[in-house]
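Working notes, structure below.
The values are calculated or read from the model by the stated rules, or taken from the named source; none is laboratory data. On a predicted model such as this, the values are computed, not experimentally measured, just so you know. Please note: Cβ atoms are built from the backbone with ideal geometry, for glycine as well, and neighbour counts cover all protein chains shown. Heads up: the accessible areas ignore ligands, DNA and RNA and are worked out on the full protein's heavy atoms, side chains in. Shrake-Rupley method; radii C 1.70, N 1.55, O 1.52, S 1.80 Å.
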Amino acid sequence: MTGRKFGKLIGVLEVGNSYCKFLIYALKNSEILTCHELKINKIDGNDEDEYDPIELWNTVQEVIHIVVGNLHILEINCNDIIGISITNQRETTLLWNKEGQVLNILSWCDERLVSLKDSILARTRNKKNYLRSVCGLPFDICFSGLKIQWLIENNKAVQDSITNKECYFGNLDSWIVWNLTGGQSHCTDVTNASRTLLMDLETLQWNKRLCNFFNIPMSILPKIRSNSEIYGYVKMNGSRVLEGIPIASVMGDKNSALLGQLCLKPGQIECHFENDCSIMFNTGQEIIHSENDLLTTIGFQLGPNEKPFYALEGYIGNACSTVDWLKNSILPESNNNFDDNISPVSSFIAMRNGNCFKKFREEEIIFVPALKGLCAPNFLYQAKGFISGLTINTTSHQLFVAAKESICFQTKTILESIRRDCKTWPSISKIVVGGEFTENVDFLQLLADLCSITVERPQISPPVSLGSMLSAALTLKCITLEDFKKTYIPPVDIYNSTINSDISDQRYVKWLSIFRSNLYVNGQNPREQVHKIIEAKTAHQYILDSLPGCLYLFSSYVIYVLSQLAPKS
């Protein structure tokens, strides 16, 4: 077996609730040499979003063994692997003890925590941002702090292990590091820690006041590290695969995408479209506490002595998975005959004249895909989705277009929130996109049109794993960030808006108004439930844009005529 056939290699382990994959990168050209992915299923018969952590760990080991086997088949020496990195879905929480006894994994939006959240809001007189000035986050069930408190209050075994000082907390990253190092390393990174409600954004350390607020003992918390440093060395119990290889980076998946897209400068935005959607705005060393219900978080910290980069983030749950849901559940027979590449914008422009335009408007569909509630900036997990405007003439194509439009409009809502939080910053003129759903070029054009913004899609390997690989390479001093930027500049696909912004604003205002008036939350009036629905315009602009153009012009003309007829003073 030859050595250094492809030069130095770095392995990337990407872990979520429902999947796990392991990739091998050739460092010299960032080429993926081999990859394997396996699915992780939710616990059978459980209505809640719980997953078996033992199954997850077994899946991690399996994908690693399969990929190492692939290297042997390709006649690549495994000794060429100089380090591995881990990137994971944030906020997913579990507790375990020294003997390896572990509770089920709680996913990022377990609705059993709603009552706990309500009791906390009652304690703070409904001030959901009570702790935001320290941790950057509002009270919400998706963050780890509430999950830890709920587990402590509802599980006797957890209480006993805490009493015996044998309890460990971690998000997915900590659980994987613990197992990969044979129980020698109990650590987390700053991006995962910043999603717990327990870390001080300024000091990057656990905050005693925050921990006391949730009645969480600090002894169960992992040590916080930067994204680019050694977390330990691989020593899997019962296996010598990758033994002694350093774990050189840990980072949340959406943060890793921000790095992988080289959004390294303040003011850059990365939009990651997978089953869900994360929109992250790099704010450099400035901590901006959102007044529009966005999340203030750590973007990345590339070394223990490096300054952290902060970010504002909006999050759309079940965004792009809505399209798959339509194909598989609502319109299963349309899979073979639905042309997903028909451009809705082209159709829109083609119907602008006469009866065609009128017919299109009459049959216009509004889709709000709150299939599992709404995330930042609304935080309404009990919300229900809906489709408005269905008629006997509605086609499957219109439903798919409406689903894609809803993703664009939710993206626009978050972009407008960023603009309001960053009034003194340069205006947002472009976004960088990545993720599996961005392979749909018509969606990217629709995104550019409806958001009135330039969309850039770098032609790179998956940005999540690429960013994780880059972070590990920086730890191992195999490459500098400047060298990487100089040598790895991929070609970029650019999509510019092709319609007038007035048209896109009109479509957005209509979507937003129907969203406000029809959102269903536990059968109650949404105006009583929703504290704040983000709007792209002021109330005055909203009224003006809702008026038909002819009425507005006519009224303006009447006012002008009356002013001319009025007696002069």
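Per-residue Karplus couplings for the stretch 501-514, computed as 6.51 cos²θ - 1.76 cosθ + 1.60 with θ equal to phi - 60°, are listed in order as 4, 4, 5, 5, 5, 4, 4, 5, 4, 5, 4, 5, 5, 6 Hz, Gly and Pro entered as x. Across the stretch 24-40, computed HN-Hα scalar couplings (Karplus, 6.51 cos²θ - 1.76 cosθ + 1.60, θ = phi - 60°) run 10, 9, 8, 5, 5, 9, 6, 8, 7, 8, 7, 7, 8, 10, 10, 8, 10 Hz from first to last residue, x flagging Gly and Pro. Sorting Trp96, Trp150 on solvent-accessible area from highest to lowest, probe radius 1.4 Å, gives Trp150, Trp96. When both the stretch 413-454 and the stretch 75-114 are represented by their alpha-carbon centers, they are found 31 Å apart.
For the stretch 27-144, with only Lys/Arg (+1) and Asp/Glu (-1) charged at the beta-carbon, what is the dipole magnitude about the Cα centre, in debye rounded to 20? Write down the numbers at each step before the final one.
Values: 12 positive and 18 negative charges, 194 e Å.
So the dipole magnitude of the stretch 27-144 works out to roughly 940 debye.
Multiplying the residue separation of Ile494 and Glu75 by 0.36 nm and removing their Cα-Cα distance gives an extension gain of 146.9 nm. For the stretch 15-156, the residue among Ile32, Leu106, Cys78 whose Cα projects farthest onto the positive side of the dipole built from Cβ charges is Leu106. With the whole protein complex present, Arg112 retains an accessible surface near 70 Å², based on a 1.4 Å probe.
Please give the per residue accessible area of the stretch 17-151, computed with a probe of 1.4 Å over protein heavy atoms only, in Å². If you can, show how the numbers build up before the last one.
On the way: 5280 Å² over 135 residues.
So the stretch 17-151 comes to 39 Å² accessible per residue, rounded to a whole number.
Roughly how many percent of the accessible protein surface of the stretch 145-248 is carbon and sulfur, given a 1.4 Å probe and a whole-percent answer? Show your work: numbers first, answer last.
On the way: 1770 of 3930 Å².
Taking all protein chains in place, the stretch 145-248 shows 45 percent carbon and sulfur surface.
Modelled label positions at Gln205 and Leu390, each set 7 Å beyond Cα in the direction of Cβ, lie 5.7 nm from each other. Here the accessible area is traced with a 1.4 Å probe on the protein chains. For the stretch 1-114, carbon and sulfur cover 45 percent of it. Working note: Karplus 6.51/-1.76/1.60 with θ = phi - 60° gives the stretch 200-210 the couplings 6, 5, 7, 8, 6, 10, 4, 9, 4, 4, 5 Hz, where Gly and Pro are set to x. Note on the stretch 50-181: dipole from Cβ charges, positive end direction compared against Ser115, Leu95, Asn171; the farthest Cα belongs to Ser115. A straight Cα-to-Cα reach below 17 Å connects Lys307 with the aspartates and glutamates Asp189, Asp200, Glu202, Glu229, Glu286, Glu482, residues fewer than 8 places away in its own chain not being considered. Within the stretch 251-274, list the residues whose amide N lies under 19 Å from a label point set 7 Å along Cα→Cβ of Gln459. Residues 261-262 qualify, since their backbone N sits under 19 Å from the label point. For the peptides 309-316, 297-304, 232-239, the ranking by packing is 309-316, 297-304, 232-239, with the highest mean count of neighbouring Cβ atoms within 10 Å listed first. What whole number of Å gives the distance from the Cα centroid of the stretch 198-263 to the Cα centroid of the stretch 124-165? Centre-to-centre (Cα) distance: 19 Å.
Within the stretch 176-204, name every residue whose backbone N is under 14 Å away from a label modeled 7 Å from Cα of Glu306 along the Cβ vector. Counting only backbone N, you get 190-191.
Across every pair of non-identical alpha carbons in the stretch 53-206, the mean reciprocal distance, once inverted, gives a Kirkwood radius of 17.3 Å. Each peptide among 394-400, 249-255, 411-417, 89-95 gets the average number of other Cβ atoms lying within 10 Å of its residues, and from highest to lowest they stand as 249-255, 89-95, 411-417, 394-400.
For the stretch 194-340, taking Cα atoms only, Rg and Dmax work out to 19.6, 59 Å respectively.
For the pairs Lys254/Lys510; Lys254/Lys404; Lys98/Lys235; Lys128/Lys412; Lys5/Lys254; Lys21/Lys165, note any where the Cα-Cα span goes beyond 27 Å.
Lys254/Lys510; Lys5/Lys254; Lys21/Lys165
Distant-in-sequence amide contacts of Val250, defined by a placed amide H-H separation under 5 Å and a gap of 5 or more residues or a different chain, comprise Ile86, Glu229. Restricted to Cα atoms, the stretch 1-144 shows a radius of gyration and a Dmax of 20.3, 67 angstrom. In straight-distance terms, cross-link reach from Lys127 covers every one of the lysines whose alpha-carbon lies under 16 Å from its own, apart from those fewer than eight places away in the same chain; here that gives Lys117, Lys532.
Quick check for you: which residues of the stretch 211-230 have the amide N under 16 Å from the point 7 Å beyond the Cα of Glu482 toward its beta carbon? No residue qualifies, since no backbone N sits under 16 Å from the label point.
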